[in-house]
1. Need one number: the % of Cα-Cα pairs in the range 286-358 sitting beyond the 14 Å mark.
2. Between 189, 66, 301, where does the largest GNM mean-square fluctuation fall for the chain, given springs only between Cα atoms within less than 10 Å?
3. Once you've got the GNM for the chain with C-alpha springs shorter than 10 Å, pick whichever of 239, 178, 230 has the biggest mean-square fluctuation.
4. With labels modelled as points extended 7 Å from the Cα through the Cβ direction, what inter-label distance (nm, one decimal) is found for residue 298 paired with residue 93?
5. Label points 7 Å out from Cα along the Cβ direction at residue 248 and residue 170: separation in nm?
6. Please compute one quarter of the surface area of the Cα convex hull for the chain and express it in square nanometres.
7. Shape verdict for the range 74-125, please, from the Cα gyration tensor: rounded (a/c under 1.5), prolate (a/b greater than b/c) or oblate.
8. Would you mind telling me which residue in 147, 243, 119 has the biggest mean-square fluctuation in a Gaussian network model of the chain, where springs connect alpha carbons within a distance under 10 angstrom?
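Every number in this text was worked out from the coordinates using simple rules, so none of it is lab data. Note that the coordinates shown come from a computational prediction; the quantities given were computed from them, not determined experimentally. Here the Cβ positions follow ideal geometry from the backbone for every residue, glycine too, while neighbour counts run over all protein chains shown.
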């Protein structure tokens with residue numbers, strides 16, 4: 001029994017000693033082998049922060065298609081002139097006269113009307129074409145406008161742009177011009193009827209023919225646009241620039257007069273024709289544009305825009321006149337003259353001039369435009385950025 005007790009006590013003491021050495025005393029640290037923990041984590045990737053999506057590059061270009069209305073323009077100022085007076089001669093019965101190229105304008109109409117005033121028949125006169133030869137006579141009608149704009153952004157507020165606009169309104173002679181031309185034609189007939197209507201075989205005529213080519217006016221401009229604000233979707237802006245107004249239309253007016261009668265007791269024919277052609281043209285001119293408007297974004301890449309602009313351009317209009325006088329031969333030949341001076345003479349006899357025997361006139365420039373024209377345009381457009 002005592003021996004068994006000794007064994008039990010020895011086991012108990014050994015267990016106590018083992019426990020005492022396994023548990024650290026207060027103030028002591030417990031050594032831990034972390035190599036295994038580190039080795040277990042080495043094969044796992046470290047967590048990375050989530051990447052932000054790349055920012056979209058800011059669009060620098062805009063392209064726009066637009067349409068709207070554009071006003072026309074009225075005749076402007078300029079410089080006019082007429083051909084010089086014809087060569088003087090003396091009629092067979094001693095009256096001073098001049099060789100003229102047409103009765104419708106210039107020296108011819110002046111000579112005819114002076115003859116009748118001096119002869120006491122001032123009511124017989126030809127209304128000259130001079131006013132429609134010496135002043136701008138064409139106007140462009142208002143019409144639809146279509147255009148394209150390409151712009152490049154320089155800063156948040158400033159952009160440069162190329163603008164192309166077409167005015168679909170056509171060019172036409174002004175109402176005052178067509179009225180004056182018809183009045184001159186009518187006066188030619190009535191004047192010769194009153195002056196020569198008593199001769200045998202008398203007849204006369206005067207007709208007006210008008211034709212024109214139609215085309216659009218094109219405005220090609222370079223401009224700078226400035227946004228008045230950079231905040232919000234609705235942004236007002238102002239713009240200004242310079243470019244060209246391009247036109248290629250013209251109008252052609254022909255006034256053709258003719259008179260015939262028999263002199264020398266009704267046996268000697270007199271047959272004269274007077275044809276005048278007036279050519280109205282327009283062309284290219286330097287132009288300026290000022291205006292403004294508002295644009296609204298409907299997405300990051302698209303928007304709508306309203307433009308109100310004024311185009312200022314020089315008047316490039318020109319007028320040229322041609323005249324073709326024809327005195328037909330007659331048999332028997334004869335000469336007939338009226339006075340007082342300046343006298344009128346009708347002749348088919350060699351060596352004696354008819355008053356209507358001046359040289360033909362070809363494309364004499366009677367007017368050159370020099371004034372300024374203003375046109376207003378209002379357009380609505382849709383643009384894309386890229």
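1. Values: 2021 of 2628 pairs.
For the range 286-358, the share of Cα pairs beyond 14 Å comes to 77 percent.
2. Evaluated over the chain, the most mobile residue of the options is 301.
3. Of 239, 178, 230, the most mobile in the Gaussian network model is 230.
4. Using points 7 Å along Cα→Cβ, the separation is 8.4 nm.
5. Label at residue 248, label at residue 170, 1.7 nm between them.
6. Details: hull surface 150.5 nm².
Averaged projected area of the chain's Cα convex hull equals 37.6 nm².
7. Numbers: a/c = 3.77, a/b = 1.67, b/c = 2.26.
Taking the square roots of the gyration eigenvalues as a ≥ b ≥ c, the range 74-125 is oblate.
8. Result: 119 has the largest fluctuation of those listed.
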